[in-house]
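K.L.:
The structure is given below, and queries will be raised subsequently.
Just so it is clear, none of the values below were taken in a lab; they were calculated from the coordinates. What you are looking at is a predicted structure, and each value in this text was computed from that prediction instead of being measured. Ideal geometry is used to build each Cβ from the backbone, glycine not excepted, and the neighbour counts take in all protein chains shown.
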């Protein structure tokens, strides 16, 4: 199930639409890939001081703490984290991080309580 949570009166962000689309698309692809059947994915957008924050959260899985520092490395894949054996190159999150930086933003990941949240912060 996909949930969309948009704060009212979000500001306009002047950015590269194709780059932002690629960021959100890759984060959603990862969320779909690693979310167990029956669990949900949430997309949220909220205004922060001087930034718009976009969060993609998937429920039912966690990234082990010892793996979090490496998930944005090129070609890195978490061992045994692909139960559906969908494969991948390990480039997706590295590309997301590069695209976010291109837009002058930041990305972080939090993972606990059976959920993982990627937060992208873009300057206003």
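K.L.:
Once you have the Kirkwood Rh of the chain from its Cα pairs, apply Stokes-Einstein at 37 °C and 0.692 mPa s and quote D in µm²/s. Provide the component values of the computation, followed by the final result.
P.N.:
On the way: Rh = 14.9 Å.
Reported coefficient: 220 µm²/s.
K.L.:
Based only on other Cβ atoms within 10 Å, what is the fewest-to-most ordering of 48, 108? Present the calculation step by step, with values, prior to reporting the outcome.
P.N.:
Details: 48 11, 108 14.
Listing 48, 108 from fewest to most nearby Cβ atoms yields 48, 108.
K.L.:
By count of other Cβ within 10 Å, fewest leading, how are 73, 112 ordered? Provide the component values of the computation, followed by the final result.
P.N.:
On the way: 73 13, 112 10.
Final ranking by Cβ density, sparse to dense: 112, 73.
K.L.:
Report the relative contact order of the chain, percent, no decimals, based on alpha-carbon pairs under 8 angstrom and at least 6 residues apart. Mind dumping the intermediate values first?
P.N.:
Values: 214 pairs, mean separation 37.8, N = 124.
It comes to 30 percent, rounded to a whole number.
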